[in-house]
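A quick write-up on the structure given underneath.
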Amino acid sequence: MDSSTLTLAFAGALLLSLATRMWLATRQMRHVANHRDRVPAAFSAAVTLQAHQKAADYTLVKGRFGLLSAAFGSAVLLGWTLLGGVDLLNTFLRDALLPAYGAMAYQLALLTAFAVISGLIDLPFECYSTFRIEQRFGFNRMTARLFVVDLVKGAAVGALIGLPLAALVLWIMAVSGGLWWLWAWAAWVGFNLVLLVLYPTVIAPLFNKFEPLPDEALKARVQALMQRCGFAAKGLFVMDGSRRSAHANAYFTGLGAAKRVVFFDTLLARLSPSEVEAVLAHELGHFKHRHVLKRMIGIFGLSLAGLALLGWLAGQSGFYTGLGVAPNLAAPNDALALLLFMLALPQFTFFIAPLLAQMSRRDEFQADAYACAQADGRDLASALLKLHEDNAATLTPDPLYVRFYYSHPPAAERLAKLPPAAVAGQPDPSPSTP
């Protein structure tokens with residue numbers, strides 16, 4: 001592989017992806033600002049001007065912050081790669097650790113040091129987002145103490161899980177020859193499946209409290225819905241999401257017999273029992289249509305292709321020099337290859353985002369249709385409007401921005417796809433332009 005060709009391709013992909021992000025973000029902000037002063041006619045009966053303007057302002061503030069974050073992140077990426085950051089870190093750790101502690105310790109230290117430094121670089125942005133933006137719009141309920149505790153717990157869990165997995169992959173790369181990527185993929189798939197089983201009962205409780213659903217009437221209603229849908233879960237739980245945020249959600253977690261239904265306490269406080277049932281029916285729709293399984297298989301397939309590509313690139317000296325790093329001559333390059341691949345790949349895969357977003361929106365429409373068949377569509381429609389308002393989701397997104405990024409359809413599109421009986425008494429879902 002010619003290093004100069006890779007350098008030009010990487011730099012071009014980085015600049016083009018950044019320019020596209022900024023163009024789309026400015027389109028979104030301009031479109032939202034132009035529609036800020038008037039609630040779309042389709043929603044005028046259900047959404048107040050104050051709520052609409054709050055959503056617009058929230059979108060604009062996040063958009064401006066996103067522009068700054070994207071530009072800074074691209075500069076940092078350039079610093080890590082073509083400007084020599086990874087090369088400098090690698091040289092320092094290799095010379096300091098390899099002679100005394102061996103190849104595995106040096107490579108794990110390289111991956112750990114990169115993760116720690118990257119986390120410290122991102123920390124001010126995370127703090128500003130939580131304690132300024134989310135706080136300003138009334139969403140943040142996280143204290144500084146809880147933020148630090150979460151940070152420490154997250155780092156500890158990441159180390160306990162990530163370091164053994166990294167060590168396993170590095171060992172496989174060292175002993176498995178040219179097909180190391182196939183064995184590494186098998187290990188990664190197995191690790192993810194085990195994690196799906198352990199996450200609900202071991203990891204998630206480290207960060208949140210999960211209590212059995214106390215409302216017996218709602219519990220009976222939910223269990224009846226799951227029985228109609230042929231779905232079994234290990235339990236129904238309420239999570240204390242209000243400790244950190246006012247945003248509401250509900251989700252399934254786990255695998256096989258370990259599946260759990262989890263409701264945010266903020267969701268239960270905002271929605272009526274019939275609306276909760278409709279939201280849960282939507283989530284069950286994803287399982288009925290096998291969206292979760294299909295997505296998991298897709299991720300596993302893409303990861304196999306990615307590791308196969310890395311298996312070839314790792315043996316090319318131009319892969320390292322083209323990204324600003326001198327490959328090791330007397331030490332393994334496995335950790336370097338993993339690190340550089342992780343940094344470079346997103347710049348090339350960025351432009352498949354619209355395809356993935358479109359597939360996700362299609363799945364949401366299917367889940368909505370299933371929910372209307374299993375619960376009252378009117379409750380789903382009213383729940384969607386409440387959740388859009390509570391999460392300050394703009395009702396007037398830029399159409400192109402939606403097509404590129406939105407994994408969930410905008411409110412107007414979702415309501416327009418519901419059966420006519422579901423939107424009876426709701427605002428006219430037909431999109432309109434004030």
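The values are calculated or read from the model by the stated rules, or taken from the named source; none is laboratory data. Keep in mind that what you see is a predicted model, and the values were worked out from it rather than measured. Virtual Cβ from ideal backbone geometry, glycine too; neighbours counted across all protein chains shown.
Of the residues that sit in segment 224-248 and are farther than 28 Å from Glu389 by Cα and not small (Gly, Ala, Ser), which one is surrounded by the fewest Cβ atoms within 10 Å (Cβ to Cβ)?
Gln227
On the basis of being of a type in the set (Phe, Trp, Tyr), more than 24 Å from Pro332 (Cβ to Cβ), modelled with pLDDT of 95 or more and surrounded by fewer than 18 Cβ atoms within 10 Å (Cβ to Cβ), does Phe72 make the cut?
Criteria met by Phe72.
All but one of (1) over 25 Å from the mean Cα position of the chain (by Cα); (2) over 22 Å from Met104 (Cβ atoms); (3) in contact (Cβ under 8 Å) with a residue 40 or more places away in the chain hold for Trp312, so report the exception by its number.
Among (1) over 25 Å from the mean Cα position of the chain (by Cα); (2) over 22 Å from Met104 (Cβ atoms); (3) in contact (Cβ under 8 Å) with a residue 40 or more places away in the chain, Trp312 violates only (3).
So is Ala412 assigned to a helix (DSSP H, G or I), of a type in the set (Gly, Ala, Ser) and either over 20 Å from the mean Cα position of the chain (by Cα) or on the phi > 0 side of the Ramachandran plot (or both) or not?
Judged against the criteria, Ala412 is a match.
Residue by residue, here is whether (1) touching an Asp or Glu at 6+ places or on another chain (Cβ under 7 Å); (2) polar (S, T, N, Q) holds:
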| position | (1), (2) |
| --- | --- |
| Asp240 | yes, no |
| Ala248 | yes, no |
| Leu268 | no, no |
| Ser272 | no, yes |
| Ala278 | yes, no |
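Which residue is nearest to the chain's Cα centre (by Cα), if the candidates are limited to segment 389-401 and must be surrounded by 18 or more Cβ atoms within 10 Å (Cβ to Cβ) and modelled with pLDDT of 90 or more?
Across segment 389-401, the extreme among qualifying residues is Tyr401.
Go through segment 12-49 and give me each residue that's buried (at least 16 other Cβ atoms within 10 Å of the Cβ), under 16 Å from Ala75 (Cα atoms), among the aliphatic types (A, V, I, L, M) and in contact with a Ser or Thr (Cβ under 9 Å, 6 or more places away or on another chain).
Leu14, Leu18
For the subset of segment 131-148 comprising residues that are over 19 Å from Arg64 (Cα atoms) and among the charged types (D, E, K, R), which member is surrounded by the most Cβ atoms within 10 Å (Cβ to Cβ)?
The extreme case among them is Arg141.
Taking the residues in segment 46-62 that are in contact (Cβ under 8 Å) with a residue 40 or more places away in the chain and not in a helix (DSSP H, G or I) as candidates, determine which candidate is farthest from Asn34 (Cα to Cα).
That would be Ala46.
Given the criteria modelled with pLDDT of 90 or more, in a helix (DSSP H, G or I) and buried (at least 18 other Cβ atoms within 10 Å of the Cβ), does Leu307 qualify?
So Leu307 passes the test.
Which residues, counting only those in segment 218-265, are within 17 Å of Phe207 (Cβ to Cβ) and modelled with pLDDT of 85 or more?
Phe237, Val238, Met239, Asp240, Gly241, Ser242, Arg243, Arg244, Val262, Phe263, Phe264, Asp265
Yes/no matrix, rows are residues, columns are (1) exposed (fewer than 13 other Cβ atoms within 10 Å of the Cβ); (2) within 28 Å of Ile299 (Cα to Cα):
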residue: Arg94; (1), (2): no, no
residue: Gly102; (1), (2): yes, no
residue: Phe114; (1), (2): no, yes
residue: Ser118; (1), (2): no, yes
residue: Ser129; (1), (2): no, no
residue: Asp150; (1), (2): no, yes
residue: Leu165; (1), (2): no, yes
residue: Leu168; (1), (2): no, yes
residue: Leu182; (1), (2): no, yes
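Only residues that are out of contact with any Gly (no Cβ under 9 Å at 6 or more places or on another chain), surrounded by fewer than 19 Cβ atoms within 10 Å (Cβ to Cβ), assigned to a helix (DSSP H, G or I) and not polar (S, T, N, Q): list them for segment 314-342, please.
Hits for segment 314-342 are Gly318, Met342.
Kindly indicate which of Ala41, Ala13, Ala19 is more than 24 Å from the chain's Cα centre (by Cα), farther than 18 Å from Asn391 by Cα and of a type in the set (A, V, I, L, M, F, W, C).
Step by step, each of Ala41, Ala13, Ala19 is checked, and only Ala41 is more than 24 Å from the chain's Cα centre (by Cα), farther than 18 Å from Asn391 by Cα and of a type in the set (A, V, I, L, M, F, W, C).
Just give me the residues in segment 402-434 being at pLDDT below 75 and either under 21 Å from Arg21 (Cβ atoms) or not polar (S, T, N, Q) (or both), in sequence order. If you could, list the steps in order and put the result at the bottom.
From segment 402-434, those at pLDDT below 75 are 420-434; that's our starting set.
Those that are at pLDDT below 75 and either under 21 Å from Arg21 (Cβ atoms) or not polar (S, T, N, Q) (or both): Pro420, Ala421, Ala422, Val423, Ala424, Gly425, Pro427, Asp428, Pro429, Pro431, Pro434.
Listed here are the residues, each with its yes/no results for (1) under 30 Å from Trp185 (Cβ atoms); (2) in contact with a Gly (Cβ under 6 Å, 6 or more places away or on another chain); (3) of a type in the set (A, V, I, L, M).
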site: Ala250; (1), (2), (3): no, no, yes
site: Arg260; (1), (2), (3): yes, yes, no
site: Phe263; (1), (2), (3): no, no, no
site: Ala278; (1), (2), (3): no, no, yes
site: Leu284; (1), (2), (3): no, no, yes
site: Val292; (1), (2), (3): yes, no, yes
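Scan segment 249-266 and give yes if some residue there is in contact (Cβ under 8 Å) with a residue 60 or more places away in the chain, surrounded by fewer than 19 Cβ atoms within 10 Å (Cβ to Cβ) and either among the aromatic types (Phe, Trp, Tyr) or not in a strand (DSSP E or B) (or both), otherwise no.
yes
Tell me whether segment 178-185 contains one or more residues that are of a type outside the set (Lys, Arg), in contact with a Ser or Thr (Cβ under 7 Å, 6 or more places away or on another chain) and under 30 Å from Ala314 (Cα atoms).
The answer is yes, given that some residue of segment 178-185 is of a type outside the set (Lys, Arg), in contact with a Ser or Thr (Cβ under 7 Å, 6 or more places away or on another chain) and under 30 Å from Ala314 (Cα atoms).
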